[in-house]
Amino acid sequence: MSNRFDSKEVFKERFKLEVSEMYGRNFEETSSIERYQVLGHMIRDYVGINWRETKNAIKKKETKQLYYFSMEFLMGRLFTNNLMNLGLYDVVKEGLEDLGMDINEMEEMESDAGLGNGGLGRLAACFMDSLASLNLAGHGNCIRYRYGLFKQKIENKRQVELPDCWLKYGNVWEVWKPQHSVEVKFGGSVDLYMDHMGKFHTNHNPDFVVRAVPYDEPIVGYHTKTTNTLRLWDAEIDEASVNSGQLNKYLNDVMAITANVYPDDSTAEGKKLRLKQEYFFVCAGIDQIIRSHLQVYPTLDNLPEKVAIQLNDTHPVLVIPELMRVLMDDYNYEWDDAWRIVTGTVAYTNHTVMAEALEKWPQDTVRSLLPRINMIIEEINRRFQFEVDHKGLLHIWNNVAIIKEGQVHMAHLAIVGSHSVNGVAKLHSQILVDDVMKEFAVLYPERFNNKTNGITHRRWLLYSNPQLTSLLEDTIGDSFKTNPEDLEKLMDYVDDPIIQNRFMEVKHQRKQILADYVKKTLDIDVDVNSIFDCQAKRLHAYKRQLLNIFCVMHLYFRMKSEPNFRIYPRTFFFSAKAAPSYELAKEIIKLINFVAEKVNNDPETNSFLKVVFIPNYSVSVAEILLNAADVSEQISTAGKEASGTGNMKYMMNGALTLGTLDGANVEIVERVGQENAQIFGLHVEDINELKHQNSYNVWDFYNSNYNVRRIVDSLANGTWSSNHDEFRLIYNDLMLRNDEFFVLADFDSYVYAQSQVEQRYRDRGRWARTMLINIAKSGYFSSDRTIKEYADEIWHLTPISFED
Ligand code: 26V
């Protein structure tokens with residue numbers, strides 16, 4: 001029977017039949033979750049035909065393929081995304097309506113796939129959507145974590161972490177492929193021996209073997225046949241390796257590998273389990289690539305011509321030694337030939353300059369867990385040292401060594417073993433070359449390049465903001481859907497008061513939707529006519545949520561002490577998860593919630609000022625939060641935020657960027673113009689200068705600035721909490737550790753910028769114009785543009801052809 005249900009009638013017929021066959025009951029007696037399961041499977045099966053044809057076309061045409069290796073894929077929900085990409089949304093929506101059902105209820109049944117921490121994982125998900133939509137063969141490789149990133153609750157104004165059981169009702173999109181399982185070996189010892197031809201061979205006697213078993217999810221392109229694969233590896237026991245005496249330990253060790261996403265994106269703590277996870281999905285992914293390559297081609301010599309591997313940060317960097325191992329130990333390649341293949345295939349993206357997030361592993365850990373890989377890393381390091389010496393650059397060795405003082409520097413391994421190294425925004429890529437990786441940029445100048453991040457305009461505009469989408473269609477036609485840079489057509493209308501009004505009306509509708517959500521989930525009333533000012537992102541000191549809440553405190557103090565001072569009504573929304581072990585970040589969440597309680601309950605000011613902390617920031621929360629914003633807070637210390645991607649989502653939905661010149665903010669301003677963004681604060685050069693001269697002293701600001709002093713004092717004088725020690729950690733971090741992220745240095749400039757935002761908002765026509773310009777100029781930030789650049793300049797991919 002065909003899987004197709006392109007008309008409403010066929011859909012209804014099939015759906016009812018499948019539900020009652022599946023559960024052996026009348027359709028009317030089945031529950032929502034049961035119906036959701038069947039519907040999901042129907043959609044996945046529908047996709048199956050294109051999935052097969054994509055695989056066949058790739059083989060037949062010998063199309064080059066990309067494998068995107070990432071420890072994180074923050075996919076969110078796929079139900080609406082898949083239906084819309086397939087062009088089936090209306091058929092299903094109307095069909096369900098006829099059956100007395102609401103498609104929104106089905107959408108809500110799905111759990112977010114929260115297999116990631118933040119920007120890096122969501123970028124991987126946006127890239128998957130763009131690859132398929134551009135007809136490029138690009139697949140994801142990751143771990144099938146049983147639990148996603150923790151769920152956040154706020155209890156007693158503090159973050160509480162709960163497990164995210166996203167697989168509770170299964171996952172309708174995945175297909176289990178036990179026949180494609182791979183053995184992954186850990187620990188033990190390696191024997192080296194020479195054969196009669198004088199060639200070296202190795203024999204690894206592991207002490208722990210697991211089976212990696214793939215679950216494949218189809219990635220459906222927008223209105224195209226192309227259907228790629230996201231492969232998630234689960235760990236299962238290897239029956240032959242179970243040692244009966246230690247059965248329980250073995251089972252626990254196997255289970256542990258795929259239990260959790262590491263929730264800490266702030267410190268690269270040397271946890272052995274993390275390294276196990278990294279090798280686990282790398283080893284399995286490489287094995288699959290080699291096997292499928294050899295099904296089509298007789299040799300691995302042409303691997304770089306047919307396969308590109310992109311490393312999403314250093315987490316999958318073991319791809320480099322692992323591919324060397326396979327080529328040499330399993331396929332008898334000599335070192336130099338293997339190295340040519342590896343470096344020709346692999347490319348690396350850096351996502352952070354924060355020293356504490358750059359991965360380093362104690363070599364003892366690498367040696368004991370991965371003895372053969374360790375040997376290969378040592379040899380890469382030895383040969384690299386030889387090369388540096390040969391170039392007369394031994395004086396830089398200390399800054400570029402892969403192995404140094406008993407630690408393996410993963411970023412160094414990544415640069416040495418790749419043909420391309422990219423940052424994720426212009427400024428960030430420049431900082432890599434000028435500063436963080438400057439010695440490597442001297443060694444390998446041709447490797448360094450920039451690929452400014454992007455976001456899929458399908459999820460972040462077409463699907464999450466249908467009101468704006470339909471107004472855009474009415475105004476500029478629908479070419480922007482497939483060619484997002486056509487949003488530029490909106491420039492013709494930015495001065496048209498009728499269009500301006502209609503866009504303001506759409507924004508109002510989105511604000512109402514967010515307000516309803518806040519009322520329903522938090523029982524807080526917010527004024528939809530107030531300015532919606534949003535900061536939603538991981539909680540990190542460098543992102544400076546503290547600067548934002550300090551300004552809120554300041555406005556509150558002023559309104560309390562100056563009866564004539566009243567601000568334009570504003571609602572400050574925060575949403576942020578803190579890593580469970582990141583104490584300072586958790587304290588900042590607590591401070592925001594204490595401030596919220598006080599200001600929201602003060603009748604003298606609460607019609608002007610409200611603070612709302614939305615718990616459990618996730619893809620689904622972002623889908624209703626970002627497009628309701630008037631103001632997008634992008635206020636990191638200059639030089640610290642590699643790119644940011646939330647900034648692009650807000651822009652595309654018509655918010656004004658209130659930001660520092662950091663990450664991709666720089667490129668946003670470049671496009672909209674200074675007059676359509678609100679930029680403030682120290683520049684990277686200023687910060688470098690202050691650091692260089694060691695001239696920043698937080699007490700100077702405290703002593704000379706009354707507003708600053710009033711805020712800092714309030715942390716410890718009972719203003720927000722009767723416990724004067726409640727915010728001791730924040731106080732100490734700021735005042736006794738000299739404010740590492742220059743919060744107080746930027747304070748005045750930020751407060752001034754906020755007052756400017758208010759001035760702008762008071763002029764409705766001018767505000768609408770700015771909003772339209774932001775939307776019009778946002779096409780550049782579609783991940784379609786980013787992926788085209790990767791495909792042309794790094795991967796050398798050409799689109800899949802389905803023609804005979
Ligand atoms: C680091 C670590 C350290 C080891 C433990 C687990 C873990 C997990 C994630 C990370 C990655 C931190 C880097 C990161 O997320 N970077 C963000 O990447 C975004 C996409 O390029 C970019 O927009 C953000 O500015 C950048 O902070």
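Only one entry of LEU327, LEU311, LEU294 meets the criterion of being away from the ligand (no atom under 16 Å from the Cβ), touching a residue at least 12 places away in the same chain (Cβ under 8 Å) and among the hydrophobic types (A, V, I, L, M, F, W, C), and that entry is LEU327. Here MET255 meets the list (1) within 16 Å of the ligand (Cβ to nearest atom); (2) under 30 Å from LYS586 (Cβ atoms) almost entirely, failing just condition (1). Selection over segment 132-149 of residues that are more than 16 Å from the ligand (Cβ to nearest atom) and within 23 Å of GLN65 (Cβ to Cβ) gives a count of 10. Hey, among the residues in segment 258-270 that are within 22 Å of ASP364 (Cβ to Cβ) and either of a type in the set (S, T, N, Q) or within 8 Å of the ligand (Cβ to nearest atom) (or both), which one's modelled with the highest pLDDT? Residue satisfying both the conditions and the ranking: TYR262.
For first residues located in segment 95-124 and more than 18 Å from GLY170 (Cβ to Cβ), partners that are within 12 Å of the ligand (Cβ to nearest atom) and of a type in the set (Asp, Glu) and lie 6+ apart or on another chain with Cβ distances below 7 Å form the pairs GLY116/GLU72; ASN117/GLU72; ASN117/ASP265; GLY118/ASP265; LEU120/GLU72; LEU120/ASP313; GLY121/GLU72; ALA124/GLU72.
Meeting the requirement of 3 or more residues that are closer than 20 Å to PHE594 by Cβ and of a type outside the set (A, V, I, L, M), the helices (runs of 4 or more DSSP H) wholly within segment 630-746 are 706-714. Could you tell me whether LYS55 is over 30 Å from ILE33 (Cβ atoms), away from the ligand (no atom under 16 Å from the Cβ) and free of Cβ contacts under 8 Å to residues at least 40 places away in the same chain? Yes: the conditions hold for LYS55. The residues on offer are ASN501, ASN453, ASN449, and the sole one that is over 22 Å from THR80 (Cα atoms), in a helix (DSSP H, G or I), touching a helix residue (DSSP H, G or I) at 6+ places or on another chain (Cβ under 8 Å) and not acidic (Asp, Glu) is ASN501.
So which residues in segment 554-582 are surrounded by 14 or more Cβ atoms within 10 Å (Cβ to Cβ) and of a type in the set (Phe, Trp, Tyr), if there are any at all? Answer for segment 554-582, where residues must be surrounded by 14 or more Cβ atoms within 10 Å (Cβ to Cβ) and of a type in the set (Phe, Trp, Tyr): TYR556, PHE557, TYR568, PHE572, PHE573, PHE574, TYR582. Might you let me know whether segment 534-546 holds any residue that is among the polar types (S, T, N, Q) and within 16 Å of the ligand (Cβ to nearest atom)? Among the residues of segment 534-546, at least one is among the polar types (S, T, N, Q) and within 16 Å of the ligand (Cβ to nearest atom), which makes the answer yes.
Taken over segment 272-282, the residue count meeting the criterion of being more than 8 Å from the ligand (Cβ to nearest atom) and either of a type in the set (D, E, K, R) or surrounded by fewer than 17 Cβ atoms within 10 Å (Cβ to Cβ) (or both) is 4.
What's the total number of residues in segment 448-491 that are among the acidic types (Asp, Glu) and either closer than 16 Å to GLY646 by Cα or at pLDDT below 95 (or both)?
Total satisfying the criteria: 0.
Mind checking which residues of segment 342-354 are part of a helix (DSSP H, G or I) and crowded, with 21+ Cβ neighbours inside 10 Å? Passing the criteria: VAL342, THR345.
Restricting SER643, SER636 to residues that are under 20 Å from PHE574 (Cβ atoms) and within 16 Å of the ligand (Cβ to nearest atom) narrows the list to SER636.
The residue pairs whose first member lies in segment 355-369 and is under 21 Å from SER266 (Cα atoms) and assigned to a strand (DSSP E or B), whose second member is at pLDDT below 95 and acidic (Asp, Glu), and whose beta carbons are closer than 7 Å, counting only pairs six or more residues apart or on different chains, do not exist in this structure.
Pairing residues of segment 589-603 that are in contact (Cβ under 8 Å) with a residue 40 or more places away in the chain with residues that are part of a loop (DSSP other than H, G, I, E, B) and small (Gly, Ala, Ser), at Cβ distances under 7 Å and at least 6 apart in sequence or on separate chains, gives ILE589/ALA576; ILE589/ALA578; PHE594/SER721.
All conditions in (1) touching a Phe, Trp or Tyr at 6+ places or on another chain (Cβ under 8 Å); (2) among the β-branched types (Val, Ile, Thr); (3) surrounded by fewer than 21 Cβ atoms within 10 Å (Cβ to Cβ) hold for THR314, with the sole exception of (3). The set of residues in segment 517-572 that are closer than 18 Å to THR719 by Cα and outside any helix (DSSP H, G or I) contains only GLU562. Taking each residue of segment 256-267 that is farther than 18 Å from ALA212 by Cβ and looking for partners that are more than 7 Å from the ligand (Cβ to nearest atom) and part of a helix (DSSP H, G or I) with beta-carbon atoms closer than 6 Å, six or more apart or interchain, yields THR267/GLU356. Taken over segment 89-130, the residue count meeting the criterion of being of a type in the set (A, V, I, L, M) and within 16 Å of the ligand (Cβ to nearest atom) is 6.
The values are calculated or read from the model by the stated rules, or taken from the named source; none is laboratory data. Just so it is clear, the structure is predicted and the values come from calculations on it, not from any experiment. Neighbour counts run over all protein chains shown; Cβ positions are idealised from the backbone, glycine included.
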